[in-house]
């Protein structure tokens, strides 16, 4: 599910800054280093910055396997302004191969593991090392995963609301694909 309000915050910047930020978000997906507010002008409040970056990242994750028309259609259905959607799609298309490879590597890294146990809680993040005022609920998820070599690994995940919505959207899409495959096989 795309957070149109978070993505719409991109319109507060100049086209040059917006494109730079979009490519920094892609770098975060591919290399793990999320963009920092200090690398950009002070156009956004701390909470707006976090919402915008997580929304853009979640959208790129959600549309990772799609081509330009499907991504543009998905952004339009979510209510994202056409000009902003165009910038997002252009940046995505320019680096779609990199994004796809990063997402495939992420998926492959957990493909043979089995979930043994999990625990979760929700906390309110009031600040971070980059943002002085955040005020955002955060899901803390702890997973115990058994690897193919029988070792058990503790995996801890922290997700914002926008990131959680992206994960839920991916799970729903995966469930739909599995149901379709079961239907075709039957």
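Mind counting the residues in region 57-100 that are in a loop (DSSP other than H, G, I, E, B) and surrounded by fewer than 22 Cβ atoms within 10 Å (Cβ to Cβ)?
7
Keeping to region 8-19, report how many residues are buried (at least 16 other Cβ atoms within 10 Å of the Cβ) and either free of Cβ contacts under 8 Å to residues at least 60 places away in the same chain or not assigned by TED's automatic domain parsing to the domain that holds residue 55 (or both).
The number of residues fulfilling the criteria is 2.
Which number in (1) surrounded by 14 or more Cβ atoms within 10 Å (Cβ to Cβ); (2) touching a strand residue (DSSP E or B) at 6+ places or on another chain (Cβ under 7 Å); (3) outside any helix (DSSP H, G or I) marks the one condition that residue 116 misses?
In the conditions (1) surrounded by 14 or more Cβ atoms within 10 Å (Cβ to Cβ); (2) touching a strand residue (DSSP E or B) at 6+ places or on another chain (Cβ under 7 Å); (3) outside any helix (DSSP H, G or I), residue 116 misses (1) alone.
Can you tell me which residue among 75, 115, 104, 164 is at pLDDT 85 or above and within 20 Å of the chain's Cα centre (by Cα)?
Every option except 164 fails the conditions.
Test residue 54 against the criterion of being in contact with a strand residue (DSSP E or B) (Cβ under 6 Å, 6 or more places away or on another chain) and either closer than 23 Å to residue 101 by Cα or surrounded by 14 or more Cβ atoms within 10 Å (Cβ to Cβ) (or both), and give yes or no.
For residue 54, the condition - in contact with a strand residue (DSSP E or B) (Cβ under 6 Å, 6 or more places away or on another chain) and either closer than 23 Å to residue 101 by Cα or surrounded by 14 or more Cβ atoms within 10 Å (Cβ to Cβ) (or both) - is met.
Just to be sure before I move on: is residue 36 within 17 Å of the chain's Cα centre (by Cα), surrounded by fewer than 17 Cβ atoms within 10 Å (Cβ to Cβ) and either outside the structural domain of residue 168 (by TED's automatic domain parsing) or on the phi < 0 side of the Ramachandran plot (or both) in the structure I sent?
yes
Output the number of residues of region 130-149 satisfying the condition of being at pLDDT below 85 and in a strand (DSSP E or B).
Summing the residues that are at pLDDT below 85 and in a strand (DSSP E or B) in region 130-149 gives 1.
The values are calculated or read from the model by the stated rules, or taken from the named source; none is laboratory data. These numbers were taken from a predicted model, which means no experiment stands behind them. Here Cβ is always computed from backbone atoms with ideal geometry, including for glycine, and neighbour counts include all displayed protein chains.
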